[in-house]
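Enquirer: Right, I'll just put the structure down here and ask away after.
Derivation of every value follows stated rules applied to the coordinates shown; laboratory data play no part. Since we're looking at a predicted model, the values are computed, not measured. Here the Cβ is made from the backbone with ideal geometry for all residues, glycine too, and neighbour counts use every protein chain on show.
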Amino acid sequence: MQFGTVNGRFVLVTTPPDGRRALDVATASGGSLPSDAVGALARWDDVVAWSATADWSQAVPVTPEQLGPPVPAPRQVFAIALNYRPTPPRPASRPRTNCRTGTTSATFVGR
């Protein structure tokens, strides 16, 4: 099952041979399910159970440009960055200098 948002409303999306269609969950469920994505995902088991018997006659054609993010305001975001350049080796003219002040150790890098 695919889902997303159209005009900020949670929709289920299908791609039959005649084109992509979106079904507004809140409208098609008669208001028993929420229209916002976060609320609908919090009740995911209810959405899945309802979708098994949903009336897709109310689905409307939708283009990829009309589809919004599946979760407009995620609670958490995880990312992995792999585009950092490796750090070049430090030239001998700029050595690292270690020093100790009291009981605290610090590292200074010359510029």
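Enquirer: Using only the Cα atoms of the range 2-68, what semi-axes does the equivalent ellipsoid have when each is the square root of 5 times a gyration tensor eigenvalue? Give whole Å, largest first.
Expert: Gyration-tensor ellipsoid for the range 2-68: 18, 14, 10 Å.
Enquirer: Between the range 1-20 and the range 34-48, what is the C-alpha centre distance in whole Å?
Expert: Value for the Cα centre distance between the two parts: 15 Å.
Enquirer: Continuing with the same structure: Spin-label point model (7 Å from Cα, Cβ direction): what's the residue 78 to residue 56 distance in nm?
Expert: 3.1 nm
Enquirer: I need the trypsin sites (Lys or Arg not before Pro) found in the range 1-81, filtered to DSSP loop residues with at most 10 other beta carbons within 10 Å of theirs.
Expert: 75
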